[in-house]
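In what follows, a single structure is set out as structure tokens and then discussed.
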Amino acid sequence: MIELGTHLKRAEKQQRERLIEYRRVKNGVDYTWLASFPRQGYEISPGDQLELRDICSKIKPSQCGPVILRFRRLMLEFEPEGAEIPRVFRSVLQDFVTQDEEERKTQDGRWGKRRRAKSLATFTFKPSRLRVNPFQLEDTHGSDTESELVASGRARSKSMPEFSITREVHCD
């Protein structure tokens, strides 16, 4: 709605400038500094405002950018007068709403025609090539022990910090 108001004001300003330029060319003298023109703003009727707001509420926030871009392109292409701008805005909004409804219907049709997915319990998984033996005593890094790995800086990172004991305390 803000975009519509901005374009209405811009169209009024352009119309005023055209009128001033026409009078300047017609008379050959510039009296614009002397005359003040009353502002003739085009006002949208309350019924039209409610209808436009209702259509705007049907558009998703993620679609607002494309709607505004399409409206701006049409405004640049046709350069409509003040009274025509709300009609252009309404047509852009209605196009997007109908496209969204059609997409929703096609997606609903696709989901309805699809078969249900099979349960993972029915699948058999092939065993992996790598076999893990938890009782195997060999390290994966060769013959390095954990203390040698820590000294060389290749130690495995752990989620908890490693606490080293600086002195032992005996409670007797």
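Determine, yes or no, whether Ala35 is of a type in the set (A, V, I, L, M, F, W, C), open to solvent by 90 Å² or more (accessible area, probe 1.4 Å) and either modelled with pLDDT of 85 or more or part of a loop (DSSP other than H, G, I, E, B) (or both). Reasoning before the result, please.
Numbers: of a type in the set (A, V, I, L, M, F, W, C): yes; open to solvent by 90 Å² or more (accessible area, probe 1.4 Å): no; either modelled with pLDDT of 85 or more or part of a loop (DSSP other than H, G, I, E, B) (or both): yes.
Taking the combined requirement at face value, the residue does not satisfy it.
Sort through Arg53, Arg18, Arg90 and tell me the only one that's farther than 15 Å from Gly5 by Cα and either at pLDDT 90 or above or in a helix (DSSP H, G or I) (or both). Write out each step before concluding.
Values: Arg53 fails: farther than 15 Å from Gly5 by Cα; Arg90 fails: farther than 15 Å from Gly5 by Cα.
Unique residue meeting the criteria: Arg18.
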**OP:** Please work out which one of (1) open to solvent by less than 50 Å² (accessible area, probe 1.4 Å); (2) at pLDDT below 90; (3) part of a helix (DSSP H, G or I) is the condition Val25 fails and give its number.
**Re:** (1)
Subject >> Conditions (1) modelled with pLDDT under 90; (2) open to solvent by less than 100 Å² (accessible area, probe 1.4 Å); number of the one not met by Leu69 >> reply: (1)
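Among the listed residues Glu77, Glu103, which satisfies the condition of being assigned to a helix (DSSP H, G or I), among the acidic types (Asp, Glu), modelled with pLDDT under 90 and open to solvent by 20 Å² or more (accessible area, probe 1.4 Å)? If you could, list the steps in order and put the result at the bottom.
Details: Glu77 fails: modelled with pLDDT under 90.
Unique residue meeting the criteria: Glu103.
The values are calculated or read from the model by the stated rules, or taken from the named source; none is laboratory data. Computed from a predicted model, the values in this text were never measured in an experiment. All accessible areas refer to the heavy atoms of the entire protein, side chains included, with ligands and DNA or RNA removed. Shrake-Rupley method; radii C 1.70, N 1.55, O 1.52, S 1.80 Å.
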